[in-house]
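The values are calculated or read from the model by the stated rules, or taken from the named source; none is laboratory data. Being a predicted model, the structure only gives us computed values, none of them experimental. Backbone-built Cβ (ideal geometry, glycine too); neighbour counts: all protein chains shown. Note: areas computed on protein heavy atoms with side chains; ligands, DNA, RNA excluded. Shrake-Rupley method; radii C 1.70, N 1.55, O 1.52, S 1.80 Å.
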Amino acid sequence: MVLKQKELVNELKIEWKRLWQERVDDKIRAEGIACDDYSSLFIDKGTIIHATRDFKALNFKDILQQHEISDPERYIPPDPQVGGWNKFVRDNITKLETKNEKFVEYYSNPIHREKQPQKKNRRGWLHI
């Protein structure tokens with residue numbers, strides 16, 4: 001049963017990508033319109049799939065729920081506003097020091113600090 005669901009989800013993803021690639025952009029009304037029937041996605045020809053005002057955006061998760069897929073969250077990546085896989089890896093798995101932290105750590109130690117030559121009345125360096 002899990003394999004059937006996974007195959008169905010893969011087919012739906014292919015249709016989803018095709019829907020967005022083949023859409024017709026109406027630049028006057030600032031809308032994206034479906035140019036074909038996508039029965040597996042429950043979208044008819046001429047349906048507005050993207051608009052700038054007063055529009056509820058299409059959601060792949062809702063389509064998976066209409067197909068009664070159990071646990072649709074595992075088939076789609078998290079929302080970019082919440083974060084993503086890369087943000088999770090950055091925050092929780094790899095803790096890298098930034099160049100700025102290394103710089104501050106190195107030069108805050110008095111052993112590594114070098115004395116700079118004096119300026120002559122703020123017009124340039126004194127050459128000794």
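When Lys6, Lys17 are compared by accessible surface with a 1.4 Å probe, the order from highest to lowest is Lys17, Lys6.
For Trp20 and Lys6, compute 0.36 nm times the residue count separating them, minus their Cα-Cα distance, and round to one decimal in nm.
2.9 nm
Between Glu73 and Asn59, the simple spin-label model (points 7 angstrom out along Cα→Cβ) gives 1.3 nm. Under the shape rule built on the C-alpha gyration tensor, where the axes satisfy a ≥ b ≥ c, region 1-57 is prolate, since a/c reaches at least 1.5 and a/b is greater than b/c. Remark: accessible surface ordering of Glu15, Glu73 (largest first) is Glu73, Glu15, probe radius 1.4 Å.
Summarising the amide proton neighbourhood of His50: residues at separation of 5 or more, or on other chains, whose placed amide H is nearer than 5 Å comprise Gly32.
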